[in-house]
Amino acid sequence: MSKDLAGEIPGLMTYVMRLGPAAAAAPLGATVNVDRAYVHRAIKIKGVKVIAEAVVTGADTNSVTLALRNLGAAGAGTTDIATKALTSGVNLAADTPSALTLSTTAAELLAAAGDVLTFREVKVGNGMNIAACHLEVEYQLQ
């Protein structure tokens, strides 16, 4: 289901998506677009955090990379705005915000009106089960 990233208030705002454990049944090496948000006005992403409802312990062989991607207006974009690879030593604590790493390319942090953002889980090997979680996207209107 598409959600709405809109607002008329200047300054820093936060958009929250509640995400279920959608990738659990995905095949090996699969990428799952867990949820999407439609951008009504141009924005600049300032931060992205994930808050898992249960502990997730990273692993090297069977892991998952979380990503917020800008699909653009046509739905074919490949720009990851922020990512977090849950490899060995990189864990998610229950009910604790964990920041995704923002792209270091300034232009990749911008989303135009009409773009679609998606939260993705990219499985490596068998992947891992990610508990239901919330994704917080901090942004400013441009």
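Where a number appears in this text, it was derived from the coordinates with a stated rule and is not lab data. Just so you know, these numbers come straight off a predicted model, no measurement behind them. With ideal geometry, Cβ positions are generated from the backbone for all residues, glycine too; neighbour counts draw on all protein chains shown.
Observations on the model:
- Inside the range 70-91, residues that are in contact with a Ser or Thr (Cβ under 8 Å, 6 or more places away or on another chain), closer than 15 Å to THR31 by Cβ and assigned to a loop (DSSP other than H, G, I, E, B) make up a count of 1.
- Of the residues making up the range 55-86, those that are over 18 Å from ALA42 (Cα atoms), in contact (Cβ under 8 Å) with a residue 60 or more places away in the chain and crowded, with 18+ Cβ neighbours inside 10 Å are VAL56, ALA59, SER63, VAL64, LEU66.
- One residue stands out among those in the range 27-54 that are of a type in the set (Gly, Ala, Ser) and surrounded by fewer than 16 Cβ atoms within 10 Å (Cβ to Cβ): the one that is nearest to ALA99 (Cα to Cα), which is ALA54.
- Taking the conditions (1) among the aliphatic types (A, V, I, L, M); (2) over 21 Å from TYR15 (Cα atoms); (3) outside any strand (DSSP E or B); (4) touching a residue at least 60 places away in the same chain (Cβ under 8 Å) in turn, VAL122 satisfies each one other than (3).
- Residues of the range 105-123 classified as buried (at least 22 other Cβ atoms within 10 Å of the Cβ), more than 13 Å from the chain's Cα centre (by Cα) and either farther than 12 Å from ARG36 by Cα or β-branched (Val, Ile, Thr) (or both), total: 1
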